[in-house]
Amino acid sequence: MTPSTTTAPVEKPRLSFWHIWNMNFGFLGIQFGFALQNANTSRIFETLGASVDDIPILWIAAPTTGLLVQPIVGYFSDRTWHPTLGRRRPFFLVGAILASIALVIMPNSPVLWIAAGTLWIMDASINISMEPFRALVADMLPSAQRTMGFAVQTFFIGVGAVVASALPYMLANWFDVANTAPEGQIPDSVKWSFYLGGFAFFTAVFWSVLRTREYPPEEFRRYNGEEGTELVDEGIKQIFTDFVKMPKTMVQLAVVQFFTWFALFCMWLYTTSAVTSHVYGTTDATSELYNEGANWVGVCFAVYNGFSAVLAFLLPRMAKSLGRKRVHLIGLCIGGLSLISIYFIQDPNILLVAMLGVGFAWASILTMPYAILAGSLPPSKMGIYMGIFNFFIVIPQIIASGTLGFISRTFFDNQAIYVLMLGGVAMILAGLLVTFVDDIDDEATEV
């Protein structure tokens, strides 16, 4: 910022619950895209001929695009003002259009390299929409409402993921859509899930675009004590400058995020292979038993996301009583133990119990780090810092993509269940590291 005439900040007004609801509704659609990607991409890759140890490197597109796209989108959204669409909403809309198109293309990929390329496009597009939603909550809400704001995001993420993760199962079992296909082809149950996901993505984001008001630049600066100031424009170099100057709390959270998201990538990449081989006893991707197991993984993902949606509205009260750090510690440790427990499970129905623990962790992961982080960031750079924070989500995923295949092949004899256990250990470690984080405005949390 270039100082001119700074003033004391004017307290932001508390927004109604329905305003918070509308501004976050787009996350319902965004999570449709992510959940379909997370639950079905490995299945699509295997169907198109990928081996188990090829899967991590094929997935490297997702974190790499996040690493590149989110800080750039954050930088530009901090400097954008459209008289109709505001600061963050232009990015919501562009990302939704591109992601919806990619969701239609993905299950129609004729060969493996096209599916891998489409994953790059789809993940980049989802990231264009997602990053400004994080910044919007911090833009619009006073500190006392931010835990609630991110909890509402978590609710929509959970609901969207429940429906999207279970779509192939529902279409196959409730509507008799074909769940198998000839070798090398994607079943219709998966194709129609992606078509419905594309429609849901666009319509949910468009609702938030239409129903959200943003503070215009001068009003925004007044609420943050920055009247008469302008952002210094150093171009994309600003991303690297701000990266070096990260607040202490952000650095501490970065370490927690590293182990958290390494664990999550272990789960997303290997749950299908682990469940179909360890619980269902098959590695034949063309068999009915494999596809039954793969669909059940979608149900498992729906359960953990559904539980996180229910828990989302309890998190602000839990944080008020226990503190945000303690809630996050408990959630991550329970999630890690739940991943490890899958090794001891043979009944597919009991997997749903383990998924409740994962759901607790997921609800906390989507809420607490952002609520803690927002209070430590300069308001005028909320977008760029939320984008930079994404580095500590995608870097562990890139490392996981580049190493898990080797680890699985060299140490675990390609038995995916052990990769899930490794993820559980990493998540518990992340929980223990939360104790070293400084949460500077935890007392401001409003129930």
Discussion item. Looking only at region 19-78, filter to residues that are in contact (Cβ under 8 Å) with a residue 40 or more places away in the chain and not in a helix (DSSP H, G or I); which one of those is farthest from Gly293 (Cα to Cα)?
Written reply: Phe25
Item to complete: Taking the residues in region 265-302 that are touching a Gly at 6+ places or on another chain (Cβ under 7 Å) and more than 27 Å from Pro182 (Cβ to Cβ) as candidates, determine which candidate is surrounded by the fewest Cβ atoms within 10 Å (Cβ to Cβ).
Response: Met267
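When you scan region 94-115, do you find a residue that is under 25 Å from Leu311 (Cβ atoms) and part of a helix (DSSP H, G or I), even just one? Lay out the reasoning, then the answer.
Just the residues of region 94-115 that are under 25 Å from Leu311 (Cβ atoms), to begin with: none.
Among the residues of region 94-115, not one is under 25 Å from Leu311 (Cβ atoms) and part of a helix (DSSP H, G or I), which makes the answer no.
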Response to the item:
Checking Phe258, Phe240 in turn, the sole residue that is surrounded by fewer than 22 Cβ atoms within 10 Å (Cβ to Cβ), closer than 29 Å to Gly383 by Cβ, out of contact with any helix residue (DSSP H, G or I) (no Cβ under 9 Å at 6 or more places or on another chain) and of a type in the set (Phe, Trp, Tyr) turns out to be Phe240
Worksheet entry | Matching residues in region 263-279 - criterion: being over 13 Å from the mean Cα position of the chain (by Cα), of a type outside the set (Val, Ile, Thr) and more than 17 Å from Gly357 (Cβ to Cβ) | Leu269, Tyr270, Ser273, Ser277, His278
Practice prompt. Just one of (1) within 16 Å of Ile365 (Cβ to Cβ); (2) touching a Lys or Arg at 6+ places or on another chain (Cβ under 7 Å) trips up Gly160, so point out which.
Written response: (2)
Worksheet, complete the sentence: Among the residues of region 180-227, the number that are modelled with pLDDT of 85 or more, surrounded by fewer than 19 Cβ atoms within 10 Å (Cβ to Cβ) and of a type in the set (Lys, Arg) is 2
Fill in: So Ser380, is it of a type in the set (S, T, N, Q) and in contact with a helix residue (DSSP H, G or I) (Cβ under 6 Å, 6 or more places away or on another chain)
no
Worksheet item: With (1) closer than 30 Å to Pro378 by Cα; (2) assigned to a helix (DSSP H, G or I); (3) charged (D, E, K, R) as the list, and Lys191 as the residue in question, which single condition is left unmet?
Response: (1)
Discussion item. Given (1) touching a helix residue (DSSP H, G or I) at 6+ places or on another chain (Cβ under 6 Å); (2) without any contact (Cβ under 8 Å) to a residue 40 or more places away in the chain, identify the lone condition not met by Ser321.
Written reply: (1)
Discussion item. Here is a list: Thr276, Thr282. Which entry is outside any helix (DSSP H, G or I), out of contact with any Pro (no Cβ under 9 Å at 6 or more places or on another chain), within 28 Å of Ala166 (Cα to Cα) and of a type in the set (Ser, Thr, Tyr)?
Written reply: Thr282
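Quick check on Val310: is it in contact (Cβ under 8 Å) with a residue 24 or more places away in the chain and crowded, with 18+ Cβ neighbours inside 10 Å? Spell out the reasoning first.
Working: in contact (Cβ under 8 Å) with a residue 24 or more places away in the chain: yes; crowded, with 18+ Cβ neighbours inside 10 Å: no.
When the stated conditions are applied, Val310 does not pass them.
Evaluate the following for Ala172: is it small (Gly, Ala, Ser) and at pLDDT 85 or above?
Values: small (Gly, Ala, Ser): yes; at pLDDT 85 or above: yes.
Here the answer is yes, as Ala172 does meet what is asked.
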Item to complete: Inspect region 15-26 for any residue being modelled with pLDDT of 85 or more, under 30 Å from Tyr418 (Cβ atoms), touching a Gly at 6+ places or on another chain (Cβ under 7 Å) and surrounded by fewer than 23 Cβ atoms within 10 Å (Cβ to Cβ) and give the result as yes or no.
Response: no
Discussion item. All but one of (1) surrounded by 23 or more Cβ atoms within 10 Å (Cβ to Cβ); (2) out of contact with any Ser or Thr (no Cβ under 9 Å at 6 or more places or on another chain); (3) at pLDDT 85 or above hold for Arg134; state the number of the condition that does not hold.
Written reply: (3)
Discussion item. What pairs come out if I take residues in region 164-188 that are within 14 Å of Pro110 (Cα to Cα) and pair them with residues that are part of a helix (DSSP H, G or I) and of a type in the set (S, T, N, Q) whose C-beta lies under 7 Å away, six or more apart or interchain?
Written reply: Gly184/Thr47; Ile186/Thr47; Pro187/Asn291
Worksheet item: From the set of residues in region 375-385 that are touching a Phe, Trp or Tyr at 6+ places or on another chain (Cβ under 8 Å) and buried (at least 24 other Cβ atoms within 10 Å of the Cβ), which is nearest to Lys12 (Cα to Cα)?
Response: Gly383
Practice prompt. Pairs only if they're at least six apart or on different chains, beta carbon under 6 angstrom, first in region 289-303 and farther than 16 Å from Ile186 by Cα, second among the small types (Gly, Ala, Ser); list them, first residue then second.
Written response: Val299/Ala166; Phe301/Ala39; Phe301/Ser165; Ala302/Ser165; Ala302/Ala166
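Run down Ile334, Ile350, Ile342 and say which single residue is at pLDDT 90 or above, more than 22 Å from Ile44 (Cβ to Cβ) and surrounded by fewer than 18 Cβ atoms within 10 Å (Cβ to Cβ). Reasoning before the result, please.
On the way: Ile334 fails: surrounded by fewer than 18 Cβ atoms within 10 Å (Cβ to Cβ); Ile342 fails: surrounded by fewer than 18 Cβ atoms within 10 Å (Cβ to Cβ).
Result of the check over Ile334, Ile350, Ile342: Ile350.
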Worksheet item: Out of (1) within 21 Å of the chain's Cα centre (by Cα); (2) modelled with pLDDT under 90, the odd one out for Leu356 is which?
Response: (2)
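What helices (runs of 4 or more DSSP H) lie completely within region 339-422 and have 3 or more residues being more than 30 Å from Arg324 (Cβ to Cβ) and in contact (Cβ under 8 Å) with a residue 12 or more places away in the chain?
Qualifying helices (runs of 4 or more DSSP H): 391-411.
Looking for something among the hydrophobic types (A, V, I, L, M, F, W, C) and within 15 Å of the chain's Cα centre (by Cα) - is there at least one such residue anywhere in region 40-53? Break it down stepwise before answering.
Our first condition is that a residue be among the hydrophobic types (A, V, I, L, M, F, W, C); within region 40-53, this holds for 44-45, 48, 50, 52.
Now drop any that are not within 15 Å of the chain's Cα centre (by Cα), which leaves none.
Within region 40-53, none of the residues are among the hydrophobic types (A, V, I, L, M, F, W, C) and within 15 Å of the chain's Cα centre (by Cα).
The values are calculated or read from the model by the stated rules, or taken from the named source; none is laboratory data. Quick caveat, the model's predicted, so the values are computed rather than measured. Neighbour counts are summed over all protein chains in view; Cβ atoms, including those assigned to glycine, are modelled from backbone coordinates with ideal geometry.
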